[in-house]
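A short write-up of the structure that comes next.
Since every read-out is calculated from the coordinates, none of them should be taken as a lab result. Bear in mind the structure is a predicted one, so any value in this text is a computation, not a measurement. Positions of Cβ are generated from backbone atoms using ideal geometry, with glycine treated the same way; all protein chains shown enter the neighbour counts.
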Amino acid sequence: MIITIDGPAGAGKSSVARALARRLHFTFLDTGAMYRAVTLAALRRGLPLEDTAALVELAGHVEIAFDAERVLLDGDDVTDAVRTYEISNLVRHAAGNPGVRAKLVELQRAAAANKDVVTEGRDQGTVAFPHAECKIFLTAGPEERARRRLLDLQSRGEKVTFEDVLAKQNSRDDSDRSRSVGPLIAAPDAIEVLTDGLSPEQVVDRLENLVRRRMHKVPNCED
Ligand code: DC
């Protein structure tokens, strides 16, 4: 069974998708980490991110793997290195590159083959897994999302302000929504879940309920 969770930055997708996968004993796929890993690989090699052909070539050669909850880039644990503010602000080059997207979607499908998976990103229900059994579009208001992002960055020692996080988030949302390939958009058959004012646990409860109904063959996973 494939469960897709798409939505904008800061909607709480990562923590919720990870917790849902744990509860269901499904594999968790963090596809944002893949775009981040390609970005980090380019920086480490001194490749200009604007060089679209070089970035596609790189995406085809680097090895991105997941070991439990760690992200490995060519065997090196980059779980924290891909989550920095710097990478967040540069990842649009990889995410907006159609050739990179094609390679990473291929990797995502291979990673999910013959498995029960909760996969999280922007295009999982629309492009990567259009036939997924259960599709969720997780979202929240921009200020709420920026507040969560700020707390997360500050907890990791980053010196950032709310205004800056909100401005960068708006710019990332715009570029995610407006790109021609794999834009951030809800699949027509996705269930939209608004997380404003809900604790992560309440969101996971809601999603688990939706998924279990789907597993028990209720016609769609809507409650
Ligand atoms: O979810 P995240 O913040 O780790 O995602 C990092 C970036 O990658 C973000 O700008 C959106 C992009 N992304 C994407 O385009 N498609 C995906 N499936 C996942 C992430």
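Taking amide hydrogens as modeled 1.01 Å from N in the peptide plane, which residues meet the under 5 Å criterion relative to ALA140, leaving out close sequence neighbours?
The list, which skips near neighbours in sequence, is THR195.
Determine the alpha carbon to alpha carbon distance for each of LYS103/LYS159; LYS115/LYS168; LYS115/LYS135 and list only those over 24 Å.
Going by Cα-Cα distance, LYS103/LYS159; LYS115/LYS168 fall outside the 24 Å limit.
In the neighborhood of LEU55, defined by Cβ-to-Cβ distances under 14 Å, what is the net charge if each Lys or Arg adds +1 and each Asp or Glu adds -1?
Residues close to LEU55 contribute a combined charge of +3.
So if I restrict to the alpha-carbon atoms in the chain, what is the Rg, and what is Dmax, the biggest pairwise distance, in Å?
16.7, 51
Along region 104-112, what does the Karplus equation 6.51 cos²θ - 1.76 cosθ + 1.60 (θ = phi - 60°) give for ³J(HN,Hα), rounded to whole Hz, x for Gly and Pro?
Along region 104-112, the couplings run 6, 5, 4, 4, 5, 5, 5, 5, 9 Hz.
In nm, to one decimal, how far is the ASP189 label point from the MET1 one, both placed 7 Å along Cα→Cβ?
Going by the 7 Å Cα→Cβ label model, 1.5 nm.
What does the net charge come to around GLU143 if you take all other residues with beta carbon closer than 12 Å to its beta carbon, with K and R at +1 and D and E at -1?
+1
Using the Cα centre as the reference, give the magnitude of the dipole from point charges on the C-beta atoms of the chain (Lys, Arg: +1; Asp, Glu: -1; all else neutral), rounded to the nearest 20 debye.
240
Can you work out the PRE-style zone for ARG44? Point 7 Å along Cα to Cβ, and I want the residues of region 62-78 with backbone N under 12 Å.
62-65, 71-78
For THR84, which sequence-distant residues (separation of 5 or more, or a different chain) have an amide H within less than 5 Å of its own amide H, given hydrogens modelled in the peptide plane?
none
Apply the Debye scattering formula to region 1-130, with a single equal point scatterer on each alpha-carbon and no solvent, then give log10 I(q)/I(0) at q = 0.10, 0.11, 0.12, 0.22 Å⁻¹.
At q = 0.10, 0.11, 0.12, 0.22 Å⁻¹ the computed log10 ratios are -0.28, -0.35, -0.41, -1.45.
With r as the distance between the Cβ atoms of ARG213 and THR79 and R0 = 30 Å, compute the FRET efficiency 1/(1 + (r/R0)^6) and round to 0.05.
0.35
Cα-based Rg (one decimal) and Dmax (whole number) for region 117-217, in Å?
15.4, 48
Under a 5 Å amide H to amide H cut-off, with H placed in plane at 1.01 Å, what residues pair with GLY121 once short-range neighbours are removed?
Amide H to amide H, under 5 Å and 5 or more residues apart or across chains, GLY121 pairs with ILE5, ASP6, GLY7.
For the chain, what is the calculated [θ] at 222 nm in deg cm²/dmol (nearest 500), taking -39500 (n - 2.57) for each run of four or more DSSP H residues and dividing by its residue count?
-15000 deg cm²/dmol
Kindly state, to the nearest 0.05, the FRET efficiency for ALA167 paired with LEU72, given R0 = 25 Å and r defined as their beta-carbon distance.
0.20
Using a Förster distance of 35 angstrom, determine the FRET efficiency expected from the C-beta separation of GLN154 and HIS131, and round it to 0.05.
0.30
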